[in-house]
Structures are given as structure tokens and as C-alpha cells.
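Since every read-out is calculated from the coordinates, none of them should be taken as a lab result. This structure is a prediction, so every number in the text was calculated from the model and none was measured. Cβ placement follows ideal geometry from the backbone for every residue including glycine, while neighbour counts extend to all protein chains displayed.
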Amino acid sequence: MNSISCCFTRKVLNNMPNIKPISDLRNYGEVLRDVTIGAPVFLTKNGHGRYAVLDIDEYKEYEKMLAWRKLKSELDKGRRSGEENGWVSACEVKAHFEERYRGRS
């Protein structure tokens, strides 16, 4: 096999999902060896997808992405509320939080 077809084969294989039956966890070291960033291992139970095993760094990036998505959603919600119901002045916001803070003491 020449170097071009070897690289092409490796690239094509890396894009294919790595799917294994959950029973392969008997040899978990072998399953974990196949887990890399961008290449999770999907485990099936009774022929159906059930679990995904990710590299921890990839999982951390996934959590960050979810947090950013939630923050953006909340910011968009606030912007829409301001546009539809009118904006709150900085003085009103300050008074609101000062009142809440005094209520906790």
C-alpha cells in the first residue's frame, strides 16, 4: 500500500464511528485504547446505541459548549424581554439588588 492510499484509508477509517457491543467491556483496556479526542467509542446494548465513552478533555469541552449555549440562551431571552417590555435602568437594577441584599441580613 503506498503512502497516499495509507493516509486516505486512515482518514476514512477515522471518520467512521467506533461501535462495539457492551460485552467488549470485559476487555475494557482494549476498548479504552480506542478512545481518542474526536473518536469516542459507542457501546451498544441489545443492538441499540446505549453509551458513549469520550476522552476526558473532549468531555470538558462539551461541558463548556453546553454552558456557553445556556448562557447565550439566557442573554437572548433577556434581550428579547427588554425589547418587548422595555429596558430597566441601571438605577432600578441597583435598587433591586440593594433591596434584596438588605432582606437577607
So, by mean Cβ neighbours within 10 angstrom, what's the order for 35-41, 77-83 with the highest one leading? 35-41, 77-83
As straight-line cross-link partners of residue 45, the qualifying aspartates and glutamates (C-alpha separation under 14 Å, not fewer than 8 residues apart within one chain) are 24
With runs of 4+ DSSP H residues as the only contributors, calculate the mean residue ellipticity of the chain at 222 nm using -39,500 (n - 2.57) per run, divided by the residue total and rounded to the nearest 500. -20000 deg cm²/dmol
Grab the other residues whose beta carbon is less than 12 angstrom from that of residue 93, score K and R as +1, D and E as -1, and report the net. -1
Working from Cα positions, state the angle (0 to 90°, nearest 10) between the long axis of helix 3-15 and the longest principal axis of the chain. 50
Sequence ranges 86-93, 58-65, ranked by mean other-Cβ count within 10 angstrom, highest first: 58-65, 86-93
XL table 20/60; 64/94; 20/70; Cα-Cα > 27 Å flagged, in table order, is 64/94; 20/70
Under a point spin-label approximation (7 Å from Cα along Cα-to-Cβ), what is the residue 58-residue 104 distance to one decimal in nm? 4.0
Answer label, with Kirkwood radius over Cα pairs in Å calculated from the coordinates and candidates [x] 15.3; [y] 14.3; [z] 18.8: [z]
Net length gained if the chain between residue 67 and residue 79 were fully extended (0.36 nm per residue, minus Cα distance): 2.5 nm
